[in-house]
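**Q** There's a structure below that I have some questions on.
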Amino acid sequence: MDGANPIGDGERLNAVRASGLLDQPPQPAFDRLTRLAARLLGAPISLISLIDADRQFFVSQYGLSEPWASARQMTLSHSLCRHVVETGREIAVGDVRLDDRLQHGLAIRTLGVIGYLAVPITDASGHVLGAFCVIEQRPRIWNSTDRATLIDLASVATGEFALRRELDLRRQTEERLRILVSEIDHRVKNSLAVTRSLLEMQARASDDGFVREQLEEAAARVSTIALVHDRLYGHEATGIVNLADYLERLCTDLAASLGLHDAQAILTLEIAAVPVPVDRVVSLGLIVTQLVTTAMKQRERAVAVRFAEDGPEHWLLTVGDAAAALTTVDAGRSTGLGNRLMTALTRQLGGEAATGEDGSARIRLPYAAFS
């Protein structure tokens, strides 16, 4: 194709094909526009066309006779709309038989075209993809109102083209993101599984009871992180997690991991349905995991987990029978890896940890921690 010919321009052709409308079934949104154009301008035929490398495809048509109405395309030798692409401008001709550019077009004979009014349809980059035209089968003088009406309708069609392209690009982006998130999830799970296995292997090989205990606790923490990650998988695309759903599922998983499968009898949950950013919910998930695991290991009753408002600008996380998971945070002391983790995570969220007289663990957190 001659590079000087706008129809054969590679970028333009890519834009035509990227529209996603070539060879697609009739679209109601565009069919309404061609019907409206024919009605407003009093013309028997109206077309919205895409100009491909060697054909004109009718995205929408109104009033065409057969076989063109069913075929919805014709070769460029029959096309008058190709001239709109070649010039990039509106064409208004009262009698194409008298026009030097158009008088040899085969559409004059096959479609009975005499009066012809067409305006370009472009994409966001300015490529002329095709034309919106109305056709008369008799001579006609197109007045300024006719031309303004078709320009307005073509602008609507152009906007619909752009919207569909944007939605298609968004779907492609979301699919790429889904694949990427899936790959990351797979690698994270593998890495955590390998890390846990190595820690457990080192623990079994150690003759020192204290070292063995610390390695086993570290392996348990890695398992906790894996559990928290697993419950977050799928939320990365939106970046927001419903806290109630997330913590309820996490607590149920924790019970199952400890061999306690009757979650409804073991857990009492009262959690506010707060939308929380993924990066913040990780820390909270680890805190809840530590507290709930501690409570379940020494439970004599159902483990009560509550997350609710606590005065102005604060949330309060309460886990019954979990006081043993906390150290004296103000003193900065801890007796194990889990306790140190609790202290660090609570401080990271700007919270305060305390124990209740009933043996519960209480974590008070500012609203700002989840914004």
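The values are calculated or read from the model by the stated rules, or taken from the named source; none is laboratory data. This one's a predicted model, so the numbers in the text were calculated from it and none came from an experiment. Positions of Cβ are backbone-derived with ideal geometry, glycine not excepted, and every protein chain shown enters the neighbour counts.
**Q** What pairs come out if I take residues in the stretch 273-287 that are within 16 Å of T346 (Cβ to Cβ) and pair them with residues that are among the polar types (S, T, N, Q) and part of a helix (DSSP H, G or I) whose C-beta lies under 7 Å away, six or more apart or interchain?
**A** So the pair list comes out as S283/Q348; L286/T224; I287/T346.
**Q** Continuing with the same structure: Filter the stretch 334-362 for residues that are at pLDDT 80 or above and either under 34 Å from the mean Cα position of the chain (by Cα) or in a helix (DSSP H, G or I) (or both) and give the result.
**A** Here is the first cut: in the stretch 334-362, the residues at pLDDT 80 or above are 344-362.
Selection gives A344, L345, T346, R347, Q348, L349, G350, G351.
**Q** Filter the stretch 75-101 down to residues that are assigned to a loop (DSSP other than H, G, I, E, B) and modelled with pLDDT of 90 or more and give me whichever is farthest from the chain's Cα centre (by Cα). Give the steps one after another, and end with the answer.
**A** Within the stretch 75-101, the first condition is being assigned to a loop (DSSP other than H, G, I, E, B), and the residues that meet it are 79-81, 88-90, 94-95, 99-101.
Then drop every residue that is not modelled with pLDDT of 90 or more, which leaves 80-81, 88-90, 94-95.
Details: L80: 40, C81: 37, G88: 35, R89: 37, E90: 38, G94: 48, D95: 50 Å.
My answer is D95.
**Q** Next question. Testing H261 on (1) modelled with pLDDT under 80; (2) closer than 19 Å to I363 by Cβ, one condition comes back false. Which one is that?
**A** Only one criterion in (1) modelled with pLDDT under 80; (2) closer than 19 Å to I363 by Cβ is unmet by H261, namely (2).
**Q** Assess whether A15 counts as being in a helix (DSSP H, G or I), surrounded by fewer than 20 Cβ atoms within 10 Å (Cβ to Cβ) and in the same structural domain as N143 (by TED's automatic domain parsing).
**A** Details: in a helix (DSSP H, G or I): yes; surrounded by fewer than 20 Cβ atoms within 10 Å (Cβ to Cβ): no; in the same structural domain as N143 (by TED's automatic domain parsing): yes.
For A15, the condition - in a helix (DSSP H, G or I), surrounded by fewer than 20 Cβ atoms within 10 Å (Cβ to Cβ) and in the same structural domain as N143 (by TED's automatic domain parsing) - is not met.
**Q** Return a yes/no flag: does the stretch 102-112 have any residue that is in a strand (DSSP E or B) and polar (S, T, N, Q).
**A** At the first step, the residues of the stretch 102-112 found to be in a strand (DSSP E or B) are none.
No, every residue in the stretch 102-112 fails to be in a strand (DSSP E or B) and polar (S, T, N, Q).
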